[in-house]
Amino acid sequence: MTRKITLAGAVSVPALALAVALAPGSASAKDYTIGFVPKLVGIPYFTAMKQGLEKAGKKFGAKIVYQGPTTASVSGQVEIAESLINKHLDAVGVSANSPTALSAVAKKAKAAGVLFYSSDSQVDGPDVSLRVSQADDKALAYAVIDQLAQQVGDKGDVAFVSGGPTATNLNVWIGFMKDRMKAKYPDMKLVSIQYAGEDISKATDVTSQLLSAYPNLKGVVGVNSTAVPGAAQAVLSAGMSGKVAVTGITDPNTIRPFVNNGTVKSVVLWNPVDLGYLTAWAVLQELDHKQLKAENDVPGLGKIAYDAKTKTLLLGKPLVITKKNIGLNF
Amino acid sequence: MGATGFQPGRIGVLVLLTILALGGFALGDPGILSGPNLYSMAVFSVEIGIIAFGQTLVICGGDGGIDLSVGAIGALAQVLLGLAITAGLPWPLAVAICVAAGAGMGMINGACVTRLDIPPIITTLATMFVFSGLALVLTGGINIDLTTASAAFLFLGQGAIAGLPFQLVALYLPALLILIAVQHRAGFGRALYLVGTSTTAARLTGLRPNRIRARTYAIAGLMAGIAGAIGAARLGTASPEALGQANLISIAIVVLGGSSIFGGDGSVVGTMVATVLIGVVNYGLSYMNFNPVYQAGVMGLILIGAVLIDNAISGRGLSALPFRMTRSTG
């Protein structure tokens, strides 16, 4: 009995090590292997990026290694990225938890002859060979206002509910949204901008106040992912579904119930599956030493712009999420 | 055996497991035995290894001695270091503040346990929340960028001496040698074993158990401060979330290394070997593309496995409890 236990225990660790080692299977010799380290694993957004990476990997012939920390920690991400570099994959990239801490990793990669790229959240410094950025801020903001205009008939009072008043990206979007209204929809009037933080119930409160303060309100834009469901909840509770339009920038998982009950007709975001797909495609171009042009024809995505100065490829096309594609999981 | 704390049996088992694990990984991919991989394993293990040294002494002190706050101490000390460097203080002073702050926080733990008579598990659970909360408040939840700090400072975590990591050669190994001398050769170490074995007996021989225990918490805090400084230099980042996992993993390593959770037994040598095993397994699993979500589970299995093997070797069956319960503290 005793001996059996000893044997089982002594065998289990190396057996496990071996099983793990053999499990992934080996890639065929000519395929490239591309590593990607997301901010963290186990959330739908990055799982969707992984799907895109693998889709492109299958199509263009590359093996994808997707490994990440379980929390969005800098040290966890650095450790995994370094182990992939030590493994001499053809390319290693991240969605960075810190733009600066990861630049040391980029340097290490370059020294080891591994191509280093960032996607979704970028890394600073000269050692990054390629950056893939999700959406053009302008295109995203314009798409939101176009959706809103469509739903309110190009005219009437509208209000914005945003997150933190100092959040850089949110304020950039608000600026472009105002531009679009002024230029294309002069009959739409922005009556108020409110800030609710990253808090759904606060956004509900704020929107309820807006509804009583502006009885002619025709539409509400949620600028961040928590503002949209918060605003939708307020409109639904006030019995104004269908009378006051709600749209904004958020993901399908967050907004699904309100799209299904008809309070929200559409929201806008970029598609993380496409982002992953574009990333893998672009990394393969780099590995094959094919120069990216100012405009690139990417099979399945169309024309994609590239800025040579910042080495940044822009997915650019916002994704409009409606009842039709609300099944997307991210 | 308790008088010396060395556990040759357990250490042998751990060395065997380490070799088998490394061998298992190497069967799958011989590349794991390459220089850069072994180097990375060492770098990633040093911080948790140094923290585990402090934890060894605390647990050795008995009477429920345990420190759940070591990771939080390291994080807060590291944040203070980051703020000091950002404020323009010279880096040696900033590092001194970091290490002194760690020791100070350990002293607070020690005072709560010995003077206010709050059980260690409650004291350090509370201070864990306080210290990590304070780190978040001080930074506003944002990582402090230190990549532009002095190169001499970054050398602490990124430098190499004779091809070996600086922090291994200049900090970890000296700390190990000093602690071996303290634990197995000096009066303090012998007193600590006696205090950990029986408070009453120690008191009767003229020792002052509370004073000795309070010192172990101060040392644990000091060690956490050192680990915090190394981590900040390695990543060029001071993060309020740094070392978060060290709170529990350091305890797992100490118990795996053969220390009795009830005190009065164990050695930093065992802790060192256990650190190596955990370092190899963690690195190997992520190198072999093993889902990181399961890695914590694997560590749990190894912990149980090592205790079972040890029990089997020393002739205890399955009915024996996993920890030595041969004495009660008086």
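Does the range B:137-144 contain any residue that is of a type outside the set (V, I, T) and either open to solvent by less than 10 Å² (accessible area, probe 1.4 Å) or modelled with pLDDT of 95 or more (or both)?
Checked the range B:137-144: no residue is of a type outside the set (V, I, T) and either open to solvent by less than 10 Å² (accessible area, probe 1.4 Å) or modelled with pLDDT of 95 or more (or both).
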### Task
Test A:K55 against the criterion of being open to solvent by 10 Å² or more (accessible area, probe 1.4 Å), at pLDDT 55 or above, basic (K, R) and closer than 25 Å to B:R234 by Cβ, and give yes or no.
no
### Query
Which one of the conditions (1) of a type in the set (G, A, S); (2) more than 11 Å from chain A (Cβ to nearest Cβ); (3) more than 16 Å from B:L248 (Cβ to Cβ) does B:G65 fail to meet, given that it meets all the rest?
(3)
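Looking only at residues in the range A:193-235 that are over 28 Å from the mean Cα position of the chain (by Cα) and without any contact (Cβ under 8 Å) to a residue 40 or more places away in the chain, which one is surrounded by the fewest Cβ atoms within 10 Å (Cβ to Cβ)? Steps first, please.
Narrowing the range A:193-235 to residues over 28 Å from the mean Cα position of the chain (by Cα): A:208-218.
Going one step further and asking which of them are without any contact (Cβ under 8 Å) to a residue 40 or more places away in the chain, we end up with A:208-209, A:211-213, A:215.
Details: A:S208: 17, A:Q209: 13, A:L211: 19, A:S212: 9, A:A213: 12, A:P215: 7.
Checking each candidate, the answer is A:P215.
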### Query
Tell me, which residue of the range B:266-277 that is open to solvent by less than 10 Å² (accessible area, probe 1.4 Å) and under 14 Å from B:Q55 (Cβ atoms) is nearest to the other protein chains (Cβ to nearest Cβ)?
B:A274
### Query
Of these, B:I278, B:I261, which one is at pLDDT below 95, more than 30 Å from A:G125 (Cβ to Cβ) and in a loop (DSSP other than H, G, I, E, B)?
B:I261
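Out of A:L148, A:L140, A:L115, A:L130, which single residue is of a type in the set (A, V, I, L, M), open to solvent by less than 10 Å² (accessible area, probe 1.4 Å) and in contact with an Asp or Glu (Cβ under 7 Å, 6 or more places away or on another chain)? Talk me through it step by step, then tell me what you get.
On the way: A:L148 fails: in contact with an Asp or Glu (Cβ under 7 Å, 6 or more places away or on another chain); A:L140 fails: in contact with an Asp or Glu (Cβ under 7 Å, 6 or more places away or on another chain); A:L115 fails: open to solvent by less than 10 Å² (accessible area, probe 1.4 Å).
Checking each option against the conditions leaves just A:L130.
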### Task
Inspect all residues belonging to the range B:66-74 and state whether any of them is surrounded by 16 or more Cβ atoms within 10 Å (Cβ to Cβ), over 30 Å from B:R190 (Cβ atoms) and without any contact (Cβ under 8 Å) to a residue 40 or more places away in the chain.
no
### Message
Go through (1) modelled with pLDDT under 95; (2) over 14 Å from the mean Cα position of the chain (by Cα); (3) within 13 Å of chain A (Cβ to nearest Cβ) for B:P209 and report which single condition fails.
### Response
(3)
## Note on the structure
In the range A:94-105, residues that are open to solvent by 10 Å² or more (accessible area, probe 1.4 Å) and of a type outside the set (S, T, Y) total 3
### Message
Criterion first (part of a loop (DSSP other than H, G, I, E, B) and within 30 Å of B:I309 (Cα to Cα)) does B:G206 satisfy it?
### Response
no
### Query
For the range A:275-283, does any single residue satisfy the condition of being open to solvent by 10 Å² or more (accessible area, probe 1.4 Å) and modelled with pLDDT under 95?
no
### Query
Does B:V79 qualify as being under 22 Å from A:N97 (Cα atoms) and either basic (K, R) or free of Cβ contacts under 8 Å to residues at least 40 places away in the same chain (or both)?
no
### Query
Looking at (1) of a type in the set (A, V, I, L, M); (2) in a loop (DSSP other than H, G, I, E, B); (3) within 14 Å of chain B (Cβ to nearest Cβ), which is the one condition that is false for A:A135?
(3)
### Task
Can you work out which of the residues in the range A:58-93 that are among the β-branched types (V, I, T) and either more than 12 Å from chain B (Cβ to nearest Cβ) or in contact with a Leu (Cβ under 7 Å, 6 or more places away or on another chain) (or both) is most open to solvent (accessible area, probe 1.4 Å)?
A:T71
### Message
Of everything in the range B:149-162, what is free of Cβ contacts under 8 Å to residues at least 12 places away in the same chain and in a loop (DSSP other than H, G, I, E, B)? Give them in sequence order.
### Response
B:G159, B:A162
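Filter the range B:215-238 for residues that are open to solvent by 10 Å² or more (accessible area, probe 1.4 Å) and more than 14 Å from the chain's Cα centre (by Cα) and give the result.
B:R215, B:R234, B:L235
The values are calculated or read from the model by the stated rules, or taken from the named source; none is laboratory data. A quick note: this is a predicted structure, and the numbers were derived from the prediction, not measured. Note that we place each Cβ from the backbone using ideal geometry, even for glycine, and neighbour counts take in every protein chain shown. All accessible areas refer to the heavy atoms of the entire protein, side chains included, with ligands and DNA or RNA removed. Shrake-Rupley method; radii C 1.70, N 1.55, O 1.52, S 1.80 Å.
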